[in-house]
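Just below is one structure, and these are the notes that go with it.
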Amino acid sequence: MNVTVVDHALALSHLTVVRDKKTAPKEFRHALSQLGTFVAIEATSKMELEDFQVETPMMTTVGKRIAKQIGLVPILRAGIIMVEPVLDLMPSSEVWHLGLYRDEATAEPIPYYNKLPAGRPVDVALVLDPMLATGGSACMAIESMHEWGVEEVLLLSVIAAPEGIARVNAEFPETALYTCAIDDRLDENKFIVPGLGDAGDRVFNTIV
Ligand code: PRP
């Protein structure tokens, strides 16, 4: 499995902001969104282009555009924060939400929302989820993409645990992962450490 860790100096600085437990929701959302931009730029840098004719004020010349239909697939809830920054980079992308939550006892993902249009898949899916912990959610999302008929699936995260990478690699070795950090491990509750806590709760300020 191809794993790319974004090590841009600004990304590492934003990463520290999201790790800091004192960071307030507004700043947390902003930093996580910025990290979405960095990861997406890296993930799309070699995207296939096609030529087309464009008129400058002076003459006709050859322009470039992304050749394939891109789909952004945020995993609810935390993946939502990555949609806008990635959509800013690729405004013609489709957005297809997947609702998954981790069962607290087993840490296995439970699906609760999926409205993918049967028979009309995108060419390339960018699965968006800031956290790759056990890898269960990512694997379920990738499986949904394959069932939908997507040719190529890229996984965009912010923090990944070695256990999650190993699981995705075992089940879907052809999937490329882009992340900003590979953390130490999972703790006894299957949370990434050092990590950043629960991304969904910190994005939506639902820590109870
Ligand atoms: C978190 C996180 C990922 C998933 C990662 O979501 O945002 O989606 O867990 O864990 P995994 O790799 O072990 O599957 P959570 O289930 O807490 O839902 P939420 O985003 O609604 O908070």
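The values are calculated or read from the model by the stated rules, or taken from the named source; none is laboratory data. Values in this document were obtained by computation on a predicted structure and should not be read as measured data. Don't worry about glycine lacking a Cβ; one is built from the backbone with ideal geometry, like all the others, and counts go over all protein chains shown. In case anyone asks, the SASA skips ligands and DNA or RNA and just uses the protein heavy atoms, side chains included. Shrake-Rupley method; radii C 1.70, N 1.55, O 1.52, S 1.80 Å.
So which residues in segment 118-142 are of a type outside the set (A, V, I, L, M) and either touching a residue at least 24 places away in the same chain (Cβ under 8 Å) or buried (at least 24 other Cβ atoms within 10 Å of the Cβ) (or both)?
GLY119, PRO121, ASP123, ASP129, PRO130, THR134, GLY135, GLY136, SER137, CYS139
So, of the residues in segment 181-206 that are aliphatic (A, V, I, L, M) and in contact (Cβ under 8 Å) with a residue 24 or more places away in the chain, which turns out to be nearest to the ligand (Cβ to nearest atom)?
Out of the qualifying residues, it is ALA199.
Could you tell me which numbered condition TYR101 fails, if it satisfies all but one of (1) within 13 Å of the ligand (Cβ to nearest atom); (2) over 16 Å from the mean Cα position of the chain (by Cα)?
Of everything listed in (1) within 13 Å of the ligand (Cβ to nearest atom); (2) over 16 Å from the mean Cα position of the chain (by Cα), TYR101 misses just condition (2).
Here's a check for you: in segment 146-164, which residue that is out of contact with any Leu (no Cβ under 7 Å at 6 or more places or on another chain) and not in a loop (DSSP other than H, G, I, E, B) is surrounded by the fewest Cβ atoms within 10 Å (Cβ to Cβ)?
GLU147
Could you say which residue among ILE66, ILE75 is open to solvent by 20 Å² or more (accessible area, probe 1.4 Å) and of a type in the set (Val, Ile, Thr)?
On inspection, the qualifying residue turns out to be ILE66.
Among (1) more than 10 Å from the ligand (Cβ to nearest atom); (2) in contact with a helix residue (DSSP H, G or I) (Cβ under 9 Å, 6 or more places away or on another chain); (3) not in a strand (DSSP E or B), which single condition is ARG167 missing?
Tallying (1) more than 10 Å from the ligand (Cβ to nearest atom); (2) in contact with a helix residue (DSSP H, G or I) (Cβ under 9 Å, 6 or more places away or on another chain); (3) not in a strand (DSSP E or B), ARG167 fails exactly one: (1).
If you take the residues of segment 46-63 that are within 20 Å of TYR178 (Cβ to Cβ) and open to solvent by 70 Å² or more (accessible area, probe 1.4 Å), which of them is nearest to the ligand (Cβ to nearest atom)?
Taking the candidates together, the pick is LYS46.
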